[in-house]
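The values are calculated or read from the model by the stated rules, or taken from the named source; none is laboratory data. Since the model is a prediction, treat every value here as computed from it, not as a measurement. In this analysis, Cβ positions are derived from the backbone assuming ideal geometry, glycine residues included, and neighbour counts consider all displayed protein chains. Ligands, DNA and RNA are excluded from the accessible area calculation, which covers all protein heavy atoms including side chains. Shrake-Rupley method; radii C 1.70, N 1.55, O 1.52, S 1.80 Å.
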Number of protein chains: 2
Amino acid sequence: MQEEGVDLTVLGPTNHLRWLAGLDPHGDERPVMLFISQAYAGMLMPVLNAASVRQHTDLPFHTWRDDEGPASALGDLIAATGVDPANLNVALDEGMRADFALRVLDALPGARRTFTHGTVSALRSEKEETEYRALKACALINDRAVMAGFDALREGMTEKDVAEVIAAHYASEGAETEFISVCFGANGAFCHHHTGETRLRRDMAVLIDAGCRYMGYPSDMTRSGWFGAPDPDYLKVVSVVEGAVAAALAASKPGVPARDIDRAARGVITEAGYGPNFLHRTGHGLGIELHEEPYISGASERPLGPGNVYSIEPGVYLADRFGVRLEEIVFLRPEGAEVLSELPRTPVIRG
Amino acid sequence: MQEEGVDLTVLGPTNHLRWLAGLDPHGDERPVMLFISQAYAGMLMPVLNAASVRQHTDLPFHTWRDDEGPASALGDLIAATGVDPANLNVALDEGMRADFALRVLDALPGARRTFTHGTVSALRSEKEETEYRALKACALINDRAVMAGFDALREGMTEKDVAEVIAAHYASEGAETEFISVCFGANGAFCHHHTGETRLRRDMAVLIDAGCRYMGYPSDMTRSGWFGAPDPDYLKVVSVVEGAVAAALAASKPGVPARDIDRAARGVITEAGYGPNFLHRTGHGLGIELHEEPYISGASERPLGPGNVYSIEPGVYLADRFGVRLEEIVFLRPEGAEVLSELPRTPVIRG
């Protein structure tokens with residue numbers, strides 16, 4: 001916080017709080033927040049949850065009752081932090097509820113605000129080896145589950161049927177489903193398709209983007225394939241997307257700005273004439289949350305560092321035809337990107 | 001909005017948007033919001049999700065790409081709404097991410113802000129008969145599931161074992177688990193206990209607070225009981241809490257301020273000497289969300305109206321001994337409160 005010139009950090013009941021303090025207080029509409037200054041750390045706490053959260057922390061609580069509301073406890077807590085409410089830099093948890101954040105800002109009339117990019121999010125993005133082990137184990141479960149999904153493909157099945165196979169595989173290895181997107185045919189051209197009732201026919205593209213959670217950490221991977229004899233255009237697009245992944249992997253080195261990874265992938269796709277069909281950034285960080293810092297976007301000048309974990313997931317989306325996306329999660333080592341998955345990225349042909 | 005003097009309503013990818021527009025856009029860190037003025041309604045939309053959301057709505061989209069960010073599209077959208085960014089009243093979705101709300105406020109330097117209490121939340125709190133039917137069906141499934149949990153109690157079981165019985169019952173009736181809190185013994189004194197590994201012994205209190213989701217609507221009910229021969233103090237506390245529920249039910253009439261319902265329940269408990277042990281408000285509204293307007297708190301002067309649906313759930317929490325809470329969901333009719341559950345509130349004795 002000192003390096004970043006932040007006088008006060010305020011976290012809601014989000015993954016920031018779980019990661020930093022190991023706390024998961026009941027998060028409803030009642031304001032519950034951790035305040036951290038250079039001098040003090042304490043929590044605004046609804047009295048009805050104080051006893052159960054007390055089992056997990058010694059942090060001081062500033063409690064409030066439903067019939068009085070949080071204003072007075074919030075004032076006490078701000079006073080305890082020692083900050084000057086009329087002149088300070090506050091870093092707010094970007095993912096907490098809007099009404100929590102605005103309540104804090106109303107109580108700090110002189111606040112210059114930022115979010116946690118420079119503090120908590122930056123710390124979260126530097127993974128340790130224990131986190132590597134959880135992410136790696138989770139990625140390998142995901143490899144097996146996604147392949148179980150491809151192996152189960154039969155004509156007439158729905159996307160939901162395939163998702164059930166993948167979910168059952170997760171459960172069989174003691175993992176929880178994080179999300180499963182199964183896209184048949186033209187549904188693959190929707191980057192965030194909701195798995196539905198579309199049925200598999202011969203000569204359809206199949207895209208599976210899925211992840212589970214294991215030992216507290218998620219996985220996230222996409223493989224693309226075809227049911228039947230693949231359309232030559234499809235194979236051409238797959239090779240372009242594979243080239244984009246390879247370029248982004250090669251560009252991944254500590255010290256390189258995130259935008260250069262995006263440019264490496266995007267350059268290959270643009271060169272092949274599909275630039276307008278690559279609708280999103282190249283990737284996102286992944287840790288206890290599925291999307292977190294560092295974001296691999298053309299707008300990010302943030303230099304990558306060892307221990308960063310992020311996706312490389314270029315895609316080409318052809319409306320009414322198919323989509324191709326290939327996604328890897330990488331752990332950045334001093335010498336470059338280590339891919340967590342052990343599956344090839346070649347198109348998965350079944351049927 | 002006109003009645004409430006609101007010039008612009010801004011909703012995030014929350015239940016407000018699901019309820020009002022039937023839309024459930026992919027909600028991640030990318031700003032996606034619906035803007036509604038008197039003259040215009042349109043969405044700020046990440047381009048990668050535009051095609052899939054377009055399947056569900058004709059609303060105009062103001063799209064933005066990951067590498068450019070949302071600022072320019074947001075400016076266009078605000079211009080399209082016709083509001084004066086230097087002078088307006090904006091109602092913000094209180095539950096959306098802090099960074100979404102602050103981005104909007106930064107683009108509206110003259111905004112006086114409020115949340116949706118007077119607009120979307122107020123409309124959501126007036127339930128229709130179709131909503132009644134879903135809530136009633138869901139409450140009856142919950143009745144059977146909670147009793148299945150009590151009936152399964154055996155010495156040595158963990159709280160999690162009982163939760164699994166309840167979850168299996170939900171699934172057997174085609175409902176999804178919303179939440180299940182099973183509290184053995186002194187755990188019942190934590191208002192929001194996390195169901196855990198505590199094992200059932202003879203002469204323990206048992207509190208089960210659970211709800212499922214069915215036809216899009218949730219249920220939420222608490223029953224309290226005892227495994228073995230109940231402690232006389234326990235039965236005394238149960239009768240106090242039952243008196244509080246009865247008083248709140250009797251006080252529930254259209255036009256009565258919410259605080260009067262809270263006072264009716266709290267009065268009975270305070271009179272019996274347990275006032276300091278009733279740690280929370282008497283209840284909360286329930287609709288597509290488990291907690292929504294109207295909140296039944298000593299601080300709320302909001303008059304109740306026909307079609308309001310809310311919980312009445314007074315409790316007495318005795319640290320290191322037990323907790324008693326009895327919770328009903330009521331649908332407010334012109335003549336008074338209709339309780340959705342058909343279970344008695346008498347203590348459930350097993351063992």
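Couple of notes before you dig in:
- Criterion: among the basic types (Lys, Arg), over 30 Å from B:Leu123 (Cβ atoms) and at pLDDT 95 or above - qualifying residue of B:Arg266, B:Arg281, B:Arg333, B:Arg350: B:Arg350
- Search result, residues across segment A:87-137 that are closer than 24 Å to B:His117 by Cα and among the aromatic types (Phe, Trp, Tyr): A:Phe100
- With respect to the stated conditions, B:Glu327 fails to be open to solvent by 10 Å² or more (accessible area, probe 1.4 Å), assigned by TED's automatic domain parsing to the domain that holds B:Ala145 and in contact with a helix residue (DSSP H, G or I) (Cβ under 9 Å, 6 or more places away or on another chain).
- Checked against (1) under 22 Å from the mean Cα position of the chain (by Cα); (2) modelled with pLDDT of 95 or more; (3) outside any helix (DSSP H, G or I), A:Ala299 passes all but condition (2).
- Residue count for segment A:189-211, restricted to those that are under 26 Å from the mean Cα position of the chain (by Cα) and either within 10 Å of another protein chain (Cβ to nearest Cβ) or free of Cβ contacts under 8 Å to residues at least 40 places away in the same chain (or both): 8.
- For segment A:245-277, residues that are buried (at least 18 other Cβ atoms within 10 Å of the Cβ), part of a helix (DSSP H, G or I), away from chain B (no Cβ under 14 Å) and small (Gly, Ala, Ser) total 3.
- Test: residue in segment B:10-23 that is open to solvent by 10 Å² or more (accessible area, probe 1.4 Å) and in a strand (DSSP E or B): no
- Among the residues of segment B:311-326, those that are within 15 Å of B:Ser181 (Cα to Cα) and either free of Cβ contacts under 8 Å to residues at least 40 places away in the same chain or out of contact with any Lys or Arg (no Cβ under 8 Å at 6 or more places or on another chain) (or both) comprise B:Phe322, B:Gly323, B:Val324, B:Arg325.
- Restricting segment A:106-119 to residues that are within 14 Å of another protein chain (Cβ to nearest Cβ) and assigned to a helix (DSSP H, G or I), the residue that is surrounded by the fewest Cβ atoms within 10 Å (Cβ to Cβ): A:Asp106
- Any helices (runs of 4 or more DSSP H) falling wholly within segment A:120-181 and containing at least 1 residues that are touching a helix residue (DSSP H, G or I) at 6+ places or on another chain (Cβ under 6 Å), modelled with pLDDT of 95 or more and outside the structural domain of A:His291 (by TED's automatic domain parsing): A:120-124
- Single residue of segment A:77-105 satisfying the filter (in a loop (DSSP other than H, G, I, E, B) and more than 24 Å from B:Ala91 (Cα to Cα)) that is farthest from the other protein chains (Cβ to nearest Cβ): A:Gly82
This table checks each residue for (1) of a type in the set (Val, Ile, Thr); (2) closer than 22 Å to A:Gly27 by Cα; (3) more than 11 Å from chain A (Cβ to nearest Cβ); (4) open to solvent by 10 Å² or more (accessible area, probe 1.4 Å).
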{"site": "B:Glu301", "(1), (2), (3), (4)": "no, no, yes, yes"}
{"site": "B:Pro314", "(1), (2), (3), (4)": "no, yes, yes, no"}
{"site": "B:Gly323", "(1), (2), (3), (4)": "no, yes, no, no"}
{"site": "B:Val339", "(1), (2), (3), (4)": "yes, no, yes, yes"}
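- Restricting attention to segment B:60-83 and to residues that are closer than 12 Å to B:Ala41 by Cβ and in contact (Cβ under 8 Å) with a residue 40 or more places away in the chain, the residue that is most open to solvent (accessible area, probe 1.4 Å) turns out to be B:Gly82.
- Restricting segment A:284-295 to residues that are farther than 17 Å from A:Pro306 by Cα and within 11 Å of chain B (Cβ to nearest Cβ), the residue that is most open to solvent (accessible area, probe 1.4 Å) is A:Glu289.
- Qualifying residue in segment B:34-46 (condition: surrounded by 20 or more Cβ atoms within 10 Å (Cβ to Cβ), hydrophobic (A, V, I, L, M, F, W, C) and over 23 Å from B:Glu292 (Cβ atoms)): yes
- Unmet requirement for A:Leu343, which otherwise passes all of (1) assigned to a strand (DSSP E or B); (2) open to solvent by less than 50 Å² (accessible area, probe 1.4 Å); (3) not aromatic (Phe, Trp, Tyr): (1)
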